[in-house]
Amino acid sequence: MKPLQPRSSSMAQLLWLALGLLLASSVADAATANYTFTVQSMRINQLCNSTDIIAVNGQLPGPTIDVFEGDEVVVDVINGSPYNLTVHWHGIMQLLTPWADGTSMVTQCPIQPNSSYTYRFNVTGQEGTLWWHAHSSFLRATVYGPLIIRPRNGSAYPFPAPDQEVPVVLGEWWSRNVVDVEKDAVMSGHRPVQSDAYTVNGLTGQLYQCANETFTAVVQPNTTVLLRVINAALNTHLFFKVAGHNFTVVAVDACYTANYTTDTLVLAPGNTVDALIFTGAAPGSYYMAVQPHDTISPSTMDTSNDNSTATAILLYNGTSATATPAMPTMPNNSDTTTANAFYFGLRGVAAEVPSPVDVNMTIELGLGQLPCDATQTSCTGNSFAAAMNGVSFRLPSGMSLLEAQFNGSPGGVYTTDFPDGVPPNGTAMVEGTKVRSLPYNSTVEIVLQNPLAFPAENHPIHLHGFNFFVLAQGLGIFTPGNTSAYNLVDPVARNTIAVPTGGWAVIRFLANNPGMWFFHCHLDAHVPMGLGMVFAVENGTTPDSTIPPPPADLPMCS
């Protein structure tokens, strides 16, 4: 072992030694987490039906990715299913790893049957509960699982350490092939048929007419439990309650919040909520209950199952497993007051909001109709369609957007004329693959306007590649220039925002991640209808702000 430097060594040498030790410690703390995801058919019994589903490693939900901040994650995805497939790591920013975002035809061609692809990315600078899911057709209905990022060793949560953690993944269940459900909807130009049930960690619970197993979390009395709640449902906003217990929300979408106390969690598809509960109730059995939150207007257009309630059980240790669970009083399915109070009431932690704004946009979300396409064999007249600023988005077919951007050959793949503002009234909806180019490191502010038209509903809008600050949100029409309503001190940060029916939201983010980033509704039924667009973030001027070459095993389009 080399002896210590004598006291006469320069201060600079000591500082470099200290820095070297810190860097070595940082590298030592980081690790590589390796996973293998084998995607294939499996038969499952649910609601007295035997159904073939597509799942990962024979699990529903799929395996949990559980890592520490700073780790590298390597996932070998082997596609043994009969369908093209990608896997998206929802909420992972993919800084300089855009090829791993897993968005079909945006960042990669899909993994074809009997093929594989290795996703490699790191989780530096992120902590909390995220999730992963298929980003191809309706396969997300059963191809999903938690992605948990813990504080690096030696760090701590910015809230009292829980005694126990319980992932709670909320899902939607169809008793038929979900790919056929989507195909029927697209071919007919109609909305997809409603799901047959909701689930908690893959199970429907005891309240359905033909019930099956129930997920049960056994907890110790007088302890603090962290519930990591994920809405993995395809097309439904959800209310979540635990009988006899309140929540203290401490994070959403893997972004810490100021403590927020409530008895009802509201999650749009794609949202995650980290919430603490204290097990100080009388020892017993308590239902964790899940019901749909209907947001569509007019209500005659609604397709959700209002009477459908999935349950799990919070069971105090020492209580008989056969004890009758207490049931929480659930909100009315159309209770937008409770939902908006939750969304509008959240605050983040003190943050430096990027400023000044370089790019201002207003994006209007719209549902409407387009003439039936020739490929829609069972469509008559018009089909349901959706648009942002009057553009109904279409994915390319021969090359991913990211490949076209990297090659500098957008011609025939996409155009860069996505409009910054709402088109004049009466402008016809158009179809296209239009993107908005953003200079590297530009600050972008977007007003999302969700007009009360026919029909309208709450749209959960998800941004790939970034978190954004929610500066303001409200009902009605946003007044341009109304910055007095902005929260620039402690706005909540998210990756998916529920834009209320007949309302608006203002978000802001720093475009410091070059690549092609999908910005779309997380109601899966709305993606093939066209409710999305893409931000093309340009390269910076340095190697660490430039898109790296694609990996050698990047899937090719057939």
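The values are calculated or read from the model by the stated rules, or taken from the named source; none is laboratory data. From a predicted model like this one, the values you see are computed outputs, not experimental measurements. Note: ideal-geometry Cβ built from the backbone for every residue, glycine included; neighbour counts use all protein chains shown. These accessible areas exclude ligands, DNA and RNA; they are computed on the full protein's heavy atoms, side chains included. Shrake-Rupley method; radii C 1.70, N 1.55, O 1.52, S 1.80 Å.
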(message) Just to be sure I follow: if Rg is taken over the C-alpha atoms of the range 421-512 and Rh is the Kirkwood radius over the same atoms, what is Rg/Rh?
(response) 0.97
(request) Indicate the helices, whole DSSP H runs only, in the chain that combine a mean Kyte-Doolittle hydropathy of -0.5 or more with a Cα extent along their long axis of 24 angstrom or more. (result) 11-29
(message) Considering only C-alpha atoms, what is the centroid distance from the range 427-465 to the range 56-109, in Å?
(response) 25 Å
(request) In Å³ and rounded to a whole number, note down the convex hull volume per residue for the Cα atoms of the range 118-182. (result) 131 Å³
(message) Using the basic label-point model (7 angstrom from Cα toward the beta carbon), what is the residue 177 to residue 31 distance in nanometres?
(response) 4.1 nm
(message) In whole percent, and with a 1.4 Å probe on the protein chains, what portion of the accessible area of the chain is carbon and sulfur?
(response) 53 percent
(request) Once every Cα of the range 50-199 carries one equal point scatterer and solvent is ignored, give the base-10 log of I(q)/I(0) from the Debye formula at q = 0.12, 0.21 Å⁻¹, two decimals. (result) -0.57, -1.37
(request) Of all alpha-carbon pairs in the range 239-279, indicate the percentage at a distance above 17 angstrom. (result) 24 percent
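If you place +1 on the Cβ of every Lys and Arg, -1 on the Cβ of every Asp and Glu, and leave all else neutral, what size is the dipole of the chain about its Cα centre, to the nearest 20 Debye? List each step's numbers first, then the result.
On the way: 18 positive and 39 negative charges, 107 e Å.
Charge dipole, the chain, about its Cα centre: 520 debye, nearest 20.
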(message) How far apart, in nanometres, would the label points at residue 41 and residue 374 be if each is projected 7 angstrom from Cα along the Cα-to-Cβ direction?
(response) 3.3 nm
(request) Using the heavy atoms of the protein chains and a 1.4 angstrom probe, tell me the accessible area per residue for the chain in square angstrom. (result) 40 Å²
(request) Give me the percent of Cα-Cα pairs in the chain that sit more than 43 Å apart, rounded to a whole number. (result) 17 percent
(message) Counting only other residues whose beta carbon sits under 15 Å from that of residue 128, what net charge do I get with K and R as +1, D and E as -1?
(response) -3
(request) Please state, to two decimals, what the Cα-based radius of gyration of the range 192-334 comes to when divided by 2.2 N^0.38 Å (N = residues). (result) 1.05
(message) If DNA, RNA and ligands are ignored and the probe is 1.4 Å, what is the ranking of 445, 431 by accessible area, most exposed first?
(response) 431, 445
